[in-house]
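The values are calculated or read from the model by the stated rules, or taken from the named source; none is laboratory data. Keep in mind the model is a prediction, meaning the values are calculated, not measured. Methodologically, a virtual Cβ is constructed for each residue, glycine included, from the backbone with ideal geometry; neighbour enumeration extends over all protein chains shown.
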Amino acid sequence: MIVSRSSRLPRKKLLLAAGDAICTALAMVAAVMLRLGWVSGLDYLHARHTAILISWAVFILAFYIGGLYESERLQSLGKTVAAAMLSVFLGTLLITGVFFAALSIEIGRGIFLGFAAFVLVAVVCMRLVYVAASRHGFMSQRCLIIGTTSEARKAIELIRLNAHANLRILGLIHCGNDRDRVGKFFDDYPVLGTLDTLERFVELYDIERLVLAAGQEAEPVLLRQLRSFRYRGIELVDFVALSEELAQEIPLDHIDDEWLFMASMNNSRFHVRRLKRLTDILVSSVGLLVSALPAAMAAILVKLDSPGPIFYRQERLGRESIPFTLYKFRTMRADAESATGPVWAIEDDPRVTRVGKWLRKFRIDEIPQLFNVLSGNMSLVGPRPERDMFIAKLSEKIPFYAERLLVPPGITGWAQVMYPYAASIEESRRKLQFDLYYIKHMSFFLDMYVLLKTSKTILFGHERARQPKSLSETRSRHADVKTETLIFDPATGSVAPEGSEPEHRLRNQRLT
């Protein structure tokens with residue numbers, strides 16, 4: 001069992017973000033110099049450094065909100081250009097709003113338009129370089145899969161579904177005593193050898209990561225043998241840690257109480273919760289002041305749109321199963337549950353009113369929950385609070401569902417931004433996997449990231465259609481083990497199908 005302490009940061013995307021930051025700064029300098037010349041331009045930059053820094057920061061934020069760091073947008077030139085144009089347009093609007101609010105801050109219109117044009121060209125060129133480098137294996141990590149079980153197939157499929165992680169599978173290592181699978185293909189990847197030959201292939205291919213996907217077979221042998229690789233700097237992950245890193249969820253079928261206990265022991269949460277509570281008080285107080293006008297307009301529209309109360313009140317369970325009353329603007333008919341009783345809300349729910357549809361779309365219906373946050377019943381970020389009847393039902397069907405009650409519920413959460421609607425037990429199970437990820441990795445920065453993703457969802461809607469499916473929803477397109485026989489040549493360190501051109505299948509994978 002391997003309990004990772006944190007998720008691995010996407011190195012390539014961090015490098016891309018750093019490149020964007022540099023290009024944006026250079027774009028401003030270029031716009032100023034072309035407009036004013038070198039000497040006057042330096043004076044201009046010095047005199048307006050505050051406005052320039054604000055513009056730079058706003059554009060970086062707009063890049064994220066506009067989707068410039070999403071893997072899907074990086075695979076197509078058209079999508080890249082569209083996302084770049086949207087991000088620059090959004091950044092321009094935000095900067096204009098900032099300058100309008102603070103009349104003492106300004107940048108000349110000609111310089112600003114040149115700045116925006118240079119930024120657009122720069123971010124598109126950065127992504128073209130990024131895609132070209134990715135296709136040539138830049139910063140890819142060479143790895144071996146240890147195991148030839150169904151868990152190994154899940155690991156392979158997980159890596160396939162998350163191509164942006166740049167993990168390059170060079171083959172598998174069989175853990176059993178028999179050698180029947182050695183020299184054959186497993187999901188298009190060669191079974192190179194057994195544990196006895198693991199050392200040889202680690203050195204041959206300069207392996208950087210070992211993925212442990214052997215289930216329970218040969219576990220004592222693995223533990224003894226893999227420790228030495230870890231001390232040599234080779235990264236070692238199991239399927240759960242791989243899911244945390246790539247899918248940012250924790251697979252329920254692969255954890256137990258011992259895993260949850262070790263995960264809780266590895267992370268101190270007391271200081272996090274104190275900072276979290278302070279953030280909740282400050283943000284909810286400011287949020288109530290800022291949202292006073294839209295909240296008043298929403299209240300009027302709810303009253304005019306359909307008969308019934310303005311506010312919707314419902315008892316939910318909070319931290320440690322303590323009940324509290326949750327407040328929202330009413331978005332459904334007043335008699336929504338009179339015929340059916342308590343049921344799950346679904347996407348495009350027919351019980352939602354005309355005004356309620358728009359209130360939900362922009363999350364305005366949840367403004368009253370800021371009072372719940374201020375009173376301490378909820379947090380800004382956390383698992384969504386559920387009704388006691390649903391929790392009782394789901395706890396019977398889904399293991400570890402009660403773990404959600406260990407932390408304060410939230411207005412938004414990791415599960416909400418990753419998988420917004422749960423209208424069945426299976427979907428609730430999937431959302432729990434995201435909730436468990438949040439509980440394990442809960443931090444101030446993760447909360448800020450969730451709030452950013454929430455604001456992006458409010459502006460552009462949720463992109464569920466592009467979310468990778470869970471492994472249980474994805475059928476393997478490959479047979480268990482192909483019967484093609486391979487020949488290993490120790491002199492060259494390569495493997496090739498018997499009777500084929502020498503080293504044909506693996507020459508592209510071999511590293512020298």
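Can you say whether Leu120 is more than 22 Å from Leu242 (Cβ to Cβ), buried (at least 16 other Cβ atoms within 10 Å of the Cβ) and within 30 Å of the chain's Cα centre (by Cα), as far as the supplied structure shows? For Leu120, the condition - more than 22 Å from Leu242 (Cβ to Cβ), buried (at least 16 other Cβ atoms within 10 Å of the Cβ) and within 30 Å of the chain's Cα centre (by Cα) - is met.
Within the range 402-411, the residues that satisfy the criterion of being of a type outside the set (A, V, I, L, M) and modelled with pLDDT under 95 are Glu403, Arg404, Pro408.
Based on this model, can you work out whether Gln369 counts as out of contact with any helix residue (DSSP H, G or I) (no Cβ under 8 Å at 6 or more places or on another chain), surrounded by 18 or more Cβ atoms within 10 Å (Cβ to Cβ) and among the polar types (S, T, N, Q)?
Numbers: out of contact with any helix residue (DSSP H, G or I) (no Cβ under 8 Å at 6 or more places or on another chain): yes; surrounded by 18 or more Cβ atoms within 10 Å (Cβ to Cβ): yes; among the polar types (S, T, N, Q): yes.
Here the answer is yes, as Gln369 does meet what is asked.
Taking the range 228-333 as the region of interest, the strands (runs of 3 or more DSSP E) fully inside it that hold 3 or more residues being surrounded by fewer than 16 Cβ atoms within 10 Å (Cβ to Cβ) are 311-317. Filter the range 123-151 down to the residues that are among the hydrophobic types (A, V, I, L, M, F, W, C) and within 18 Å of Leu14 (Cβ to Cβ), then identify the one that is surrounded by the most Cβ atoms within 10 Å (Cβ to Cβ). Of everything passing the filter in the range 123-151, Val123 is surrounded by the most Cβ atoms within 10 Å (Cβ to Cβ).
Those helices (runs of 4 or more DSSP H) of the range 359-453 in which 3 or more residues are under 15 Å from Leu317 (Cβ atoms) and touching a residue at least 40 places away in the same chain (Cβ under 8 Å) occupy 388-397. Residues in the range 166-188 that are surrounded by fewer than 18 Cβ atoms within 10 Å (Cβ to Cβ) and under 32 Å from the mean Cα position of the chain (by Cα): Asn166, Arg168, Asp188. Given the criteria outside any helix (DSSP H, G or I) and not small (Gly, Ala, Ser), does Phe138 qualify? So Phe138 fits the description; yes.
Residue count for the range 144-167 satisfying the condition of being touching a residue at least 24 places away in the same chain (Cβ under 8 Å) and basic (Lys, Arg): 2.
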